[in-house]
Amino acid sequence: MSNLREDKKVIHSPRIGVLALQGDFAAHADALREAGAEPLLVRAPEALVLAGPESLDGLILPGGESTTFLKFLERDRLLGALASFVREKPVFGTCAGCILLAHKVTHPAQQSLDAMDIDVERNAYGRQIDSAVVEVETKLPGPPLEMVYIRAPRISRAGPAVEVLAERDGFPVLVRQGNRLASTFHPELSLDRRVHRLFVDIVAANVQQ
Ligand code: GLN
């Protein structure tokens, strides 16, 4: 007699934190759930411990306003824990989150975590065209991807270790460097879950190592 359970692989869903200080963290939590992960909202440095049963397997830094993010990160004593976390574990930054992960930020300059070899120019598209919904070819399998841009930054430089997974108007908009992923758009606001699935796959592969 075959036991159905034996045919299924028993894999625990990756536990992925979403920084929940401001911005659209709830939409990311939903998207992660749909992509097969267990989302956990992160509001305190204790949530970012690097080892032990409570530790997270990865983290999303959502969109919002990166200057406000930095203020809240300092207020809530999260900056140090976050800096350590992004060096050790998979992270995905969207929009303001992408700005936080950058090596260098311009327009205006501000502090960042230097977790990816990218330079980012804030609010780079000008007032009229900074918010838009467009469909763009990507290196992900499947058709062009809907991308929602809201006061989007521009990745003005991507270093040699950075893989560009999609471009808009000649500039990278979805990039990967090892276990780190960043987008200047908001994949959590579209129904297509390919980008979150990619991140969940990165996290799951890292857990197995
Ligand atoms: N314009 C914001 C910033 O500079 C980012 C916008 C967003 O996350 N949607 O931080």
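The values are calculated or read from the model by the stated rules, or taken from the named source; none is laboratory data. The structure presented is a predicted model; accordingly, all values stated were derived computationally and were not measured. Here the Cβ is made from the backbone with ideal geometry for all residues, glycine too, and neighbour counts use every protein chain on show. Just the protein is used for accessible areas: all its heavy atoms, side chains included, with ligands, DNA and RNA removed. Shrake-Rupley method; radii C 1.70, N 1.55, O 1.52, S 1.80 Å.
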Exercise for the section: Would you confirm whether any residue within the stretch 53-64 is at pLDDT 95 or above, away from the ligand (no atom under 16 Å from the Cβ) and in contact with an Asp or Glu (Cβ under 8 Å, 6 or more places away or on another chain)? Expected result: no
Fill in the blank from the handout: For the stretch 22-52 the number of residues that are farther than 18 Å from S190 by Cβ, surrounded by 15 or more Cβ atoms within 10 Å (Cβ to Cβ) and either under 13 Å from the mean Cα position of the chain (by Cα) or at pLDDT below 95 (or both) is 1
Problem - I202 being assigned to a helix (DSSP H, G or I), modelled with pLDDT of 95 or more and of a type outside the set (G, A, S) - result: yes
Problem - Every pair of residues 6+ apart whose Cβ atoms lie under 6 Å, when the first sits in the stretch 65-79 and is over 14 Å from I99 (Cβ atoms) while the second is open to solvent by less than 50 Å² (accessible area, probe 1.4 Å) and away from the ligand (no atom under 16 Å from the Cβ) - result: R77/P45; L78/P45
Practice task
Might you let me know whether the stretch 190-202 holds any residue that is open to solvent by 10 Å² or more (accessible area, probe 1.4 Å) and within 16 Å of the ligand (Cβ to nearest atom)?
Solution key: no
